Amino acid sequence: MTDTSQQLISALDARVDRRNERREFFKSALGAAAVATAGLGGLGLASRARAATVTDVDVLNFALNLEYLEAQFYSHAIYGDGLAPDMLTGSGRQGMVIGGRRVNFTDPAVQAYAREIAQDEVDHVNFLRQALGSSSVVAQPTIDISSDPNGAFSNAARAAGLIGAGQSFDPYASDENFLLAAFIFEDVGVTAYKGAAPLISNKTYLEAAAGILAVEAYHASLIRTTLYSKGVAMPSLRTGADRISDARDSLDGKGDDDQGISPVNTSNGVVSNIAPLDANGIAFDRTPQQVLNVVYLTPDTADMGGFFPNGVNGTLMMSGDSSTY
């Protein structure tokens with residue numbers, strides 16, 4: 001990397017440190033004294049990176065678990081099948097994929113988007129597995145991408161108020177359901193990579209993670225833009241995405257960082273909300289614990305649940321008590 005790139009990364013890291021220091025100050029001022037003693041899940045990113053023994057391998061394997069989930073979902077939606085068996089092996093408990101099937105797309109554009117994203121996510125799995133090597137890579141854990149009434153998608157949709165008790169949400173039933181399901185993953189993927197970046201010490205790995213983050217951000221903006229556009233004629237679609245955003249926010253802590261796609265009022269008038277940013281125009285982040293709160297579908301400390309019924313593989317496998325952050 002060039003000196004300019006190194007300086008840019010250092011400047012961005014410093015800005016992240018300052019922002020999280022401000023966040024911790026306001027939490028303390030509001031009486032959240034427990035934050036200071038909550039351990040890994042309750043500290044700011046910079047403090048956590050110094051205090052915890054988290055290796056680059058741990059971070060990359062954590063990311064790989066999420067890539068397994070996304071790759072399996074998109075591959076099933078496009079091809080009706082998942083990853084090849086030789087892409088699933090590694091340490092930890094290798095699991096199966098529950099559910100998943102081909103979507104009968106009616107909008108050629110959405111189908112083309114899904115096909116591109118599916119290939120990108122498969123490539124991410126391959127890249128991370130090669131970067132980790134056979135001696136360090138974790139196996140794919142059990143993944144639930146079913147439309148079962150008690151499955152992860154249905155429970156997530158129920159928590160968002162999209163369906164009632166005993167009903168099921170089928171992400172493969174229509175273009176619109178597929179987009180809402182993809183919306184659950186893509187926004188989380190962006191915040192996961194951004195939140196994990198300060199934990200990576202090797203600059204080569206950091207550069208690679210930044211590259212994947214950029215791709216995930218493209219995916220997220222594509223899904224958000226398509227939902228926003230289709231929501232002009234189908235307002236319930238925007239409402240559904242907003243409710244999913246609210247549900248994620250209810251799982252990952254006290255903050256209100258997550259954002260839906262409905263138009264927002266600004267000093268310059270009403271604008272779309274394709275890029276969910278803070279007042280500085282910067283995307284927010286989630287810690288690994290917060291990410292697991294969302295994908296496990298729980299605000300509590302847990303080692304399994306939701307889209308990973310038996311948990312993820314690797315060292316970073318516990319969600320946190322979201323009341324402490």
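Read-outs: derived from the displayed coordinates by stated rules, not from any lab. Note that the structure is a prediction, hence the values are computed from the model and not measured. All Cβ positions, glycine included, derive from the backbone under ideal geometry; neighbour counts span all protein chains shown.
What separates the Cα centres of the stretch 247-325 and the stretch 77-147 is a distance of 22 Å.
A straight Cα-to-Cα reach below 15 Å connects LYS203 with the aspartates and glutamates ASP3, ASP13, ASP56, residues fewer than 8 places away in its own chain not being considered.
Test of the criteria: in the stretch 233-325, which trypsin sites (Lys or Arg not before Pro) are in a DSSP loop and have at most 12 other Cβ atoms within 10 angstrom of their Cβ? Spell out each step's value before the answer.
Details: sites: ARG238, ARG243, ARG248, LYS254, ARG286; in loops: LYS254, ARG286.
Of the trypsin sites (Lys or Arg not before Pro), not one in the loops of the stretch 233-325 has a Cβ with at most 12 other Cβ atoms within 10 Å.
Computing FRET efficiency as 1/(1 + (r/R0)^6) for TYR79 and ASN268, where r is the C-beta to C-beta distance and R0 is 41 Å, gives about 0.40.
Within the stretch 104-175, report the trypsin sites (Lys or Arg not before Pro) that DSSP leaves as loop and that have at most 16 other Cβ atoms within 10 Å.
Working: sites: ARG115, ARG129, ARG158; in loops: none.
Passing sites in the stretch 104-175 do not exist.
When +1 charges are put on Lys and Arg Cβ atoms and -1 charges on Asp and Glu Cβ atoms, the dipole computed for the stretch 221-325 relative to its Cα centre reaches about 460 debye.
DSSP beta bridges confined to the stretch 54-324 are antiparallel in about 60 percent of cases.
Would you kindly derive the ³J(HN,Hα) couplings of the stretch 171-186 from the backbone phi angles with the Karplus curve 6.51 cos²θ - 1.76 cosθ + 1.60 (θ = phi - 60°), listing them in order in whole Hz, with x for Gly and Pro? For the stretch 171-186, the Karplus curve yields x, 9, 7, 7, 4, 5, 5, 4, 5, 5, 5, 5, 4, 4, 7, 5 Hz.
Between the amide H of PHE308 and those of ASP144, distances stay under 5 Å, these residues lying 5 or more places away or on another chain, with hydrogens modeled in the peptide plane. Here the Karplus curve 6.51 cos²θ - 1.76 cosθ + 1.60, taken at θ = phi - 60°, turns the phi angles of the stretch 105-114 into couplings of 5, 10, 9, x, 5, 4, 5, 5, 4, 4 Hz, with x standing for Gly and Pro.
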